[in-house]
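What follows is a short report on a single structure.
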Amino acid sequence: TINFIDKQLARVKGDLTKKADSLNDFKRDNKLYNLANETSELSNKITSYENQKEAYEKQLISYDLLKNYLETSDDFTSFPAPVIEGIGDGNIQGLISEMISISSQKSKLEYSVRDNVSIFDDLNRQIDGLKKVLFESISSAKTNIRYQIQSINNKIYNVEREFSNLPESQQQLQAIEREYLLSQNTYNLYLAKRGEAELVKASNVSD
């Protein structure tokens, strides 16, 4: 999980650095440091929409972490907190609980029923079946979230059209600042997830 997050952090950090440089260069070249007063109301609207969008993007990250864990882990007797935090779909939560239950049952049997292969074959089939359903549910949930994000993007677009009456320099500054803040929010989300994963790693005791 930590390796997966680090890859995402490296990608987002590079994008964030470029946008920070672009923002600073534009402010310096145009001697602009704050948006004019007439843009405040429009900016507040966009900020509200961006906050909603950020919440949905946080859910997407959670689903990506869960999908990555399902693809890379062999033990499903428990799921690390960073992997399942932010999963609001009750159906997916139920599937995870069922997978934990079956995996725990399998783990207990491994210490007492070593020769009955058929039992383990049956449990493995159940786990694989649950995993397949989980992948489908994750895909469906992400599709729905992307639809919600697109709806918010449409609202943002309508507000941005109102900026067309503002001076060009103010329009450009607002657009660059928004791009920078979006990248910064995404970076912070991954950074928080990494901290959670590090705590889980530190609390694990080797068998």
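Listed by chain and number, the lysines whose alpha-carbon sits under 28 Å from that of Lys19, ignoring those within fewer than 8 places in the same chain, are Lys7, Lys27, Lys31, Lys45, Lys53, Lys58, Lys142, Lys155, Lys193. Within straight-line reach of Lys201, meaning a Cα separation under 20 Å, sit the following aspartates and glutamates at least 8 residues removed in sequence or on another chain: Asp6, Asp64, Glu71, Asp74, Asp75, Glu85. Sorted from longest to shortest, the spans of the Cα atoms of the stretch 35-94 along the three principal axes equal 56, 21, 15 Å. With charges only on Cβ, +1 for K and R and -1 for D and E, what is the dipole size of the stretch 57-105 about its Cα centre, in debye, rounded to 20? Taking the Cα centre of the stretch 57-105 as origin, the dipole is about 80 debye.
Spacing of the modelled spin labels on Lys132 and Glu179, each 7 Å from Cα toward Cβ, amounts to 4.5 nm.
On a full-extension model of 0.36 nm per residue, what is the gain between Glu41 and Asp21, subtracting their alpha-carbon distance, rounded to one decimal in nm? Provide the component values of the computation, followed by the final result.
Values: separation 20, 0.36 × 20 = 7.20 nm, distance 2.65 nm.
Extending this stretch completely gives an extra 4.5 nm.
Every number in this text was worked out from the coordinates using simple rules, so none of it is lab data. Note that the structure is a prediction, hence the values are computed from the model and not measured. Positions of Cβ are generated from backbone atoms using ideal geometry, with glycine treated the same way; all protein chains shown enter the neighbour counts.
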